[in-house]
Amino acid sequence: MKLPSLLTLLAASTALAAPPTDNPVATFYDAPRGYPAWTDGIHWERVIDMSAYEKGATNFEKFESARDELAAQGGGVLYYPGGTYDFSEGPFDGPQGRGLMLKSGVVIRGEAPSGQPLATSGQLELKTKFVFGFEPRAGVDTGDRLTLVLTDADARPQKKPGEFDLAPLILSFAVQEGKVQPTVKAFRRGYGRDEWTGTAKIESTGDTLTIAVDLTIPGKKEAEPEPAHYDLKLARTGDTIVGTQTGTIRGQEVKGAVTGHFFKITAETPRDWNMIGLAPASDKRVSDVDDVGIAWVHLVGAIVFFGPDVKWADTWATAGSWKSPFAMGGWKERKPDGTHPWDAFAGGGTQSAGLADGRLIFGCVLECAASTNDSINMGRPDHPDGFGPEGYSTNKFAPRIAAYGNRVLVANNLLPRCEGRNFKYKQTTRRTYPAGGGAGMGFDLPRESTVLFDFNKSVAIEVNKSLLGLLKDDATGQGGAEPFFAEGVVVADNWAFNNGHKGYDISGSWVTIARNHNERTLLKEGWDPERIGGWELTLDGHLETGDGGNGAISDNLSRAFDLAGRNV
């Protein structure tokens, strides 16, 4: 008889290993630092191993079935051992959709990494990954592309005869079948509407590229356009390009460095309900969903939304809220319940309806997470059409991690820069400018612009704050301020990237905010980490960012920390 090999025995032992039953927060934050004691109330000992669970045809169906079993028992843990779990099949679209919605007492747990890795290092390698689906879109300049940045190469329109300024120039080429096409687009960094075309002749030998570029530079006002020529000598290592350029602009010689990258642009956005969220019982509210969370899971394309509870209207269309008049399509008839990020501003009233207890987001990675606004057209009373019925954007007010209630722990999470997914698309926008003094502003007529879907331009971590902006005190003086002072909030050891938006937006009573890192780049029109250039910067997908003035004309919420409450 053939005996099993040592590897076979080890594999069998691993497969049969009992799932963990410890409190992962207590295990990680051991003495002397301590940890929030309320997390001991979760039923960590009651576990379903989801790798062996069979009630359901898809990972989504299995999740809901196992969740319901645990909820009926008073809560417990859905344990996902190391591996990749596909959550692209499910009801993630439209006003009647839903994501991975948790019932009271239920926590999602992945396999813990080795050691005690801190997200504040900017790295967090996890063994358990959830991958969500994306919705295809019609983009601009999509497909395989080569983008180059030429320093000291940009000739801006002349201020005086014979005078020009030098600045970085972005060149973008389409690539098909390994060859660069003869048409090149050029953008000046920070000048979103300045887009030129020209030609390029490319020769390659191994990893060496020689490119000759000819462009026509527009003249200022009535001045005649003038030519520019650049000779690029480049070396390729994988998808990365480095080299030098020499050029002639209006008869004057220039030279500088070149950096670049081969990459593929795919126009797609997260689906409406790509989220870990809340599922109140039929006769309960989101504030009745207590002691929920997620630990040690790498999420791709999904947010965590444990939102606030207010006195909801019957539908978005009848709510009379700030954004109710601008609901799109079937979203007008959505019955708000607090499970969707737009409920607070489109379907809610002005009174709080209670505070939940127990919100845990620990040791997670949120990769390319963003809430897609396909629900509100971002109109105003004076311009109700907004960006139109086919428009969309990232949701300006929806964070990647939201936790509302008492006893909140958001700790050791990594929200990295989303790379390779930003894309350009066409949409109706409206230019803004200062008018009327103070915070007043005016608007030009609608126009079609190229804008950027930027995964990184969204709030990173929010606790008990921005989505409560419509609340007011009732006749008893209660219900307005109360949620801003929820008790027992801890936000610690997180690393978050944001491109011109809030890193951390936090309120509460007895709040600990410790050892968090906010990483960011300068938000500038026509420029983003992917260096794809040539787009208009907007506040919300519709109103273009303008210089000067106050309020909406310039406020992209671009700050690292925004704090409120007391004893913070």
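Of the strands (runs of 3 or more DSSP E) lying entirely inside the range 244-295, the ones with 3 or more residues being in contact with a Lys or Arg (Cβ under 8 Å, 6 or more places away or on another chain) and at pLDDT 95 or above are found at 292-295. Residues that are among the basic types (Lys, Arg) and loosely packed, with under 14 Cβ neighbours inside 10 Å occur at least once in the range 217-227. Here the condition is being surrounded by fewer than 24 Cβ atoms within 10 Å (Cβ to Cβ), more than 30 Å from PRO113 (Cβ to Cβ) and modelled with pLDDT of 95 or more; of ASP337, ASP343, it holds for ASP337 alone. Restricted to the range 367-399, and to residues there that are assigned to a strand (DSSP E or B) and touching a Gly at 6+ places or on another chain (Cβ under 9 Å), the residue that is surrounded by the fewest Cβ atoms within 10 Å (Cβ to Cβ) is ARG380. For the range 280-315, the candidate set comprises residues that are in contact with a strand residue (DSSP E or B) (Cβ under 7 Å, 6 or more places away or on another chain) and without any contact (Cβ under 8 Å) to a residue 60 or more places away in the chain; within that set, the residue that is least open to solvent (accessible area, probe 1.4 Å) is ALA313.
Within the range 71-108, the set of residues being farther than 20 Å from SER287 by Cβ and touching a helix residue (DSSP H, G or I) at 6+ places or on another chain (Cβ under 7 Å) comprises GLY76, LEU78, TYR85, ASP86, PHE87, GLU89, GLY90, GLY94, PRO95.
Could you please let me know if GLY354 is open to solvent by 10 Å² or more (accessible area, probe 1.4 Å), of a type in the set (Gly, Ala, Ser) and either modelled with pLDDT under 95 or in contact with a His (Cβ under 7 Å, 6 or more places away or on another chain) (or both)? Yes; evaluated as a whole, the condition is true for this residue. Of all residues in the range 32-46, those being open to solvent by less than 40 Å² (accessible area, probe 1.4 Å) and in contact with a Ser or Thr (Cβ under 7 Å, 6 or more places away or on another chain) number 1. Against the test of being modelled with pLDDT under 80 and touching a strand residue (DSSP E or B) at 6+ places or on another chain (Cβ under 7 Å), the options ALA174, ALA119, ALA167 yield a single qualifying residue, ALA167. Condition check: in a helix (DSSP H, G or I) and farther than 25 Å from GLY358 by Cα. Does GLU61 satisfy that? In short, yes.
The values are calculated or read from the model by the stated rules, or taken from the named source; none is laboratory data. Only a predicted model underlies this, so the values are computations on that prediction, with no experimental measurement involved. Heads up, the Cβs are rebuilt from the backbone with ideal geometry, glycines too, and the neighbour counts pull from every protein chain shown. We work out accessible area using only protein heavy atoms, side chains counted, and drop any ligands, DNA or RNA first. Shrake-Rupley method; radii C 1.70, N 1.55, O 1.52, S 1.80 Å.
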